[in-house]
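Have a look at the structure below, then the notes.
The values are calculated or read from the model by the stated rules, or taken from the named source; none is laboratory data. All values reported here derive from a predicted model rather than from experimental measurement. Reconstructed Cβ throughout: ideal geometry from the backbone, glycine too, with neighbour counts over all protein chains shown. Only protein heavy atoms, including side chains, enter the accessible area calculation; ligands, DNA and RNA are left aside. Shrake-Rupley method; radii C 1.70, N 1.55, O 1.52, S 1.80 Å.
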Amino acid sequence: MLSHNGCQKLREFTERSYKKTVMEVASGVWFVLGYGHSNAIFIEGQTSVILIDTLDSRERGDCLKSWIQKTTGKPVRTLLYTHGHPDHRGGAGAFQEEVSEIIAFKPKNQELKRTEALREIQTRRGARQFGYTLSDEEALSQGIGPREGINYGEHRSFVSPTIVYDQDCVTRAIDGIELELVRVPGEAEDQMLVWLPQKAVLCCGDNYFGCFPNLYAIRGGQYRDLASWIDSLDVILSYPAQILLPGHTAAVCGRERIRETVGNFKNALDFLLTKTLEGMNEGKSADQLAAEIQLPEELSKLPYLGEYYGCAEWAVREIYAAYLGWFDGNPTHLHPLAPQIRSQKMLELMGGKDRTEAAARMAFEKHEDQWCLELCDLCYEAEPDAAILRLKAAALDRLAEEETSANGRHYYKACAKELRKTAGLD
């Protein structure tokens, strides 16, 4: 979301949300916040420790291991991965020598075949989204947590699960601790909910955390089924939890507060899905709906729905693409002109490249940065030019300062750096 003080909002959210904390939230259950990009939870059993997620790097996993040993004096024998994202299992190597069981779920729906053919572009776009080429001051945070350790020369250390369940619910007793493990697709298809009935503690992974989620990740990827995610939030709400421990951001304490918080989170997702589908059915385009649909104020003003990670506008576009595909129903768009030909014709209509470039510079002077970017793209598609790249980079940098989403900010800043390098400035 763009805001005149977007950078300041993101900075303030980061500073108040990720103070380093190791807190015993229930007897024998510790919550680790702020020591990695993601959180970790460890549970003391009779002779060993059960660890839920491992932070994002081997080095941070080593620190976590020291905390666990210092706190309990017991080895970690069981690991549970709430899901397969690297920031939740990158520290697993620190526990490899002592662990005897690593538990995960199989994805409810498998990744599209041949997705591996997109590794290069997804890696490149992912680096922009997460700000891997940016300094701490440029990046500020990664939205839902401190920056990953790989930004500081640390390393991911993955260890594969030894048990991968393919059913939706598994009940286990491990070293005196009762656990209910439930597959709840949402942000990931293999997302795991961990219910500790003896402790009234629910670990929900990334299906809830304290800011607006990535219903669509701008690095690209398969559709995150919002209807299924909403169903999974209903599952979370069905448990009589007194403590809710998310994979990112702070714990939620108290039964009523959990019901209110997760309920509002669910209502926000449901609102976006419902309104987008209604608008699609009326024949509106993705552009129209993205411009029109906003969360109602009673939801958007809630501190745990701030757009510091995902963005409602991106979610609307993703819903449209998932349900109706690329075609917006306008026959003009069935066989559009190639981008270069269209740009050349538009420039002719607008009085030529020089005049259009001058209009782009005027838009920049007026702080009409999005219009400046669109004019720059017209000029560059018709005729590549280093001066246009420099202007576009300047507009991207300025938009980055208005962006509340860490992902959006990083993408603007990273692309501005790339354009300057292409233009020979770096």
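Listing for the model above:
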read-out	value
Test for residue 163: is it touching a Gly at 6+ places or on another chain (Cβ under 7 Å), within 29 Å of residue 48 (Cα to Cα) and either acidic (Asp, Glu) or at pLDDT 95 or above (or both)	no
Within region 312-328, tally of residues that are in contact (Cβ under 8 Å) with a residue 60 or more places away in the chain and open to solvent by less than 10 Å² (accessible area, probe 1.4 Å)	3
Residue identified as out of contact with any Phe, Trp or Tyr (no Cβ under 7 Å at 6 or more places or on another chain), basic (Lys, Arg) and surrounded by fewer than 16 Cβ atoms within 10 Å (Cβ to Cβ) among 77, 114, 125	114
Answer residue from region 13-27, given it is surrounded by fewer than 13 Cβ atoms within 10 Å (Cβ to Cβ) and without any contact (Cβ under 8 Å) to a residue 60 or more places away in the chain and is farthest from residue 211 (Cα to Cα) among those	24
Single match in 77, 60 (criterion: over 30 Å from residue 300 (Cβ atoms), of a type in the set (Lys, Arg) and part of a strand (DSSP E or B))	77
Counted residues, region 369-393 - those being part of a helix (DSSP H, G or I), open to solvent by 30 Å² or more (accessible area, probe 1.4 Å) and touching a helix residue (DSSP H, G or I) at 6+ places or on another chain (Cβ under 8 Å)	8
Pairs, first among the aromatic types (Phe, Trp, Tyr) in region 157-174, second in a loop (DSSP other than H, G, I, E, B), C-beta under 9 Å, six or more apart	158/90; 165/106
Filter result for residue 357 (charged (D, E, K, R), over 27 Å from residue 219 (Cα atoms), in a helix (DSSP H, G or I) and open to solvent by less than 80 Å² (accessible area, probe 1.4 Å))	yes
Residue in region 242-249 that is in a strand (DSSP E or B), among the β-branched types (Val, Ile, Thr) and modelled with pLDDT of 95 or more present	yes
Hits in region 405-422 (condition: under 21 Å from the mean Cα position of the chain (by Cα) and either under 18 Å from residue 123 (Cβ atoms) or assigned to a helix (DSSP H, G or I) (or both))	406, 407, 408, 409, 410, 411, 412, 413, 414, 415
Region 49-63, residues that are without any contact (Cβ under 8 Å) to a residue 60 or more places away in the chain and surrounded by fewer than 24 Cβ atoms within 10 Å (Cβ to Cβ)	62, 63
In region 247-263, residue nearest to residue 89 (Cα to Cα) [restricted to those that are in contact with a Leu (Cβ under 7 Å, 6 or more places away or on another chain) and surrounded by 22 or more Cβ atoms within 10 Å (Cβ to Cβ)]	252
Lone unmet requirement of (1) assigned to a loop (DSSP other than H, G, I, E, B); (2) over 30 Å from residue 179 (Cβ atoms); (3) open to solvent by 10 Å² or more (accessible area, probe 1.4 Å) for residue 141	(3)
Count of residues meeting criterion [assigned to a loop (DSSP other than H, G, I, E, B) and either free of Cβ contacts under 8 Å to residues at least 12 places away in the same chain or touching a Phe, Trp or Tyr at 6+ places or on another chain (Cβ under 7 Å) (or both)] in region 64-74	1
From 23, 1, residue being in contact with a strand residue (DSSP E or B) (Cβ under 9 Å, 6 or more places away or on another chain) and over 21 Å from residue 202 (Cβ atoms)	1
Scan of region 287-305 for residues that are open to solvent by 20 Å² or more (accessible area, probe 1.4 Å) and small (Gly, Ala, Ser), ordered by number	291, 300
Filter result for the condition that a residue is farther than 27 Å from residue 398 by Cβ and surrounded by fewer than 19 Cβ atoms within 10 Å (Cβ to Cβ), over 275, 266	275
Which listed residue, of 71, 47, is touching a Pro at 6+ places or on another chain (Cβ under 9 Å) and at negative phi	47
Residue match in region 118-131 (condition: among the aromatic types (Phe, Trp, Tyr) and either at pLDDT below 95 or within 20 Å of the chain's Cα centre (by Cα) (or both))	yes
Filter result for the condition that a residue is within 25 Å of residue 243 (Cβ to Cβ) and outside any helix (DSSP H, G or I), over 310, 329, 263	310
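This table checks each residue for (1) under 19 Å from the mean Cα position of the chain (by Cα); (2) surrounded by fewer than 23 Cβ atoms within 10 Å (Cβ to Cβ).
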residue	(1), (2)
172	no, yes
180	no, yes
189	yes, yes
193	yes, yes
197	no, yes
205	yes, no
225	yes, yes
245	yes, no
